[in-house]
Amino acid sequence: MELDSQLFLQLRKRLDDAAEFLHIDDKKRMLAKLDAQSSEEGFWQDVVKAQEISKQAGVLRDSIAQYTRACSLFDDAHTAFELSCEDEAFAGEASKLTSTLQEQIEQLELTSWFSGRFDAGDAILSINPGQGGLEANDWTDMLFQMYLRYAQQKGWHTSVLDATSSEVIGLDRATIQIEGLNAYGMLRSEIGVHRLVRISPTDEKQRRHTTFASVEVLPVLPDEVEVNINPADVRVDVYRSSGPGGQCVNTTDSAVRLTHIPTGLVVTCQNQKSQLQNKEAAFRVLRARLYELEAQKRAEKLDELRGERHENSFGSQIRNYVLYPYQLVKDLRSGVETGNVDAVLQGDIDAFVIGYHKWNAARDTQGK
């Protein structure tokens, strides 16, 4: 990478533009207001409201800190560049800092794509097996682990709401709540059918198998979003957890299944420690799904929240994961691909997430 004064002028402008589209000044004012509220006497008397304000403040603080770090890095990179003009010994450091700066600015610019109502908030990610029998259950478990690792790499907090083990191998289903800045916006890239091709570990003849699993991503709805649920319309069943939970989870009737009778929607949650916690989590998922149904009725575009729906089978996948006869992961929308399958399954999917949003933004621009 060739460094010159013009490059730093461009980087400075990109940072200034980021301050505008991220509304940094507005966020600083809002954070100051929330911090003032949190320091008032009796703030924690209303625990639910206090937690919500604290969470809002945390999101604002993270966004401001991300921009502040980029500005600080710009100063360091520019200083190293100026020193390198007089002493070549600083050239390597200047190049390294500038490369890191460009990556951070790209992350800030990526944030500008998440302008939807719920994009900046938390997400509920569900994985269900498709065609492929036992292989599909195992594939569901592999994706479950992949997303847990990805969230960990992003510094997001995860809560496993449901992870129901198959009788033989893998999972019958899995649901995770993922909390972090832009979690829902980022993870919208994963909505759809994921296809795996490999030698089956359950096939004695070691034949190649193709299997599928579908990923659904919903927003965690803020409290101010009203979703009217008539308690008489919801059947609540409790049962003993079959998941891999910790102490007490598998020894009491703590698992909860909600059936919304008018729509037929079924939500299960079994990985929290108490029946009350499972019930609260299940209602959180049910609210999100009912909101989605209402949004579909009002919206002209079917993919307003969830993306286009696909049959969970061959020909409908968004991404292929090939482990045999060669190794390749390829997104069929953005064209992003890599031969490092192991890294992807260990949660290194940022290239696919960002690649999707770049592709989607370009498609939207062309559509206009």
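Of the residues making up segment 211-223, none is at pLDDT 95 or above and surrounded by fewer than 17 Cβ atoms within 10 Å (Cβ to Cβ). The residues of segment 320-354 that are touching a residue at least 60 places away in the same chain (Cβ under 8 Å), crowded, with 18+ Cβ neighbours inside 10 Å and not hydrophobic (A, V, I, L, M, F, W, C) amount to a single one, Tyr321.
Out of Asp172, Asp162, one residue alone is outside the structural domain of Val267 (by TED's automatic domain parsing) and surrounded by fewer than 22 Cβ atoms within 10 Å (Cβ to Cβ). It is Asp172. If you check Glu40, Glu82 for being free of Cβ contacts under 8 Å to residues at least 60 places away in the same chain and assigned to a loop (DSSP other than H, G, I, E, B), only one passes: Glu40. It is to be established whether one or more residues within segment 95-112 are in a loop (DSSP other than H, G, I, E, B), crowded, with 17+ Cβ neighbours inside 10 Å and modelled with pLDDT under 90. The answer is no, given that none of the residues of segment 95-112 is in a loop (DSSP other than H, G, I, E, B), crowded, with 17+ Cβ neighbours inside 10 Å and modelled with pLDDT under 90. Only one entry of Leu187, Leu258 meets the criterion of being modelled with pLDDT of 90 or more, buried (at least 19 other Cβ atoms within 10 Å of the Cβ), outside the structural domain of Gln145 (by TED's automatic domain parsing) and not polar (S, T, N, Q), and that entry is Leu258. Going by what's in this entry, would Ala136 be described as in contact with a Ser or Thr (Cβ under 7 Å, 6 or more places away or on another chain), buried (at least 18 other Cβ atoms within 10 Å of the Cβ), within 13 Å of Gly180 (Cα to Cα) and in the same structural domain as Arg188 (by TED's automatic domain parsing)? Here the answer is no, as Ala136 does not meet what is asked. Of all residues in segment 156-171, those being under 13 Å from Leu143 (Cβ atoms) and part of a strand (DSSP E or B) number 2. Note on segment 21-65: residues that are more than 22 Å from Glu106 (Cβ to Cβ) and in contact with a Phe, Trp or Tyr (Cβ under 6 Å, 6 or more places away or on another chain) amount to 1.
The values are calculated or read from the model by the stated rules, or taken from the named source; none is laboratory data. In this text, all values refer to a predicted model and were calculated from it rather than measured experimentally. Cβ: placed from backbone, ideal geometry, glycine included. Neighbour counts: every protein chain shown.
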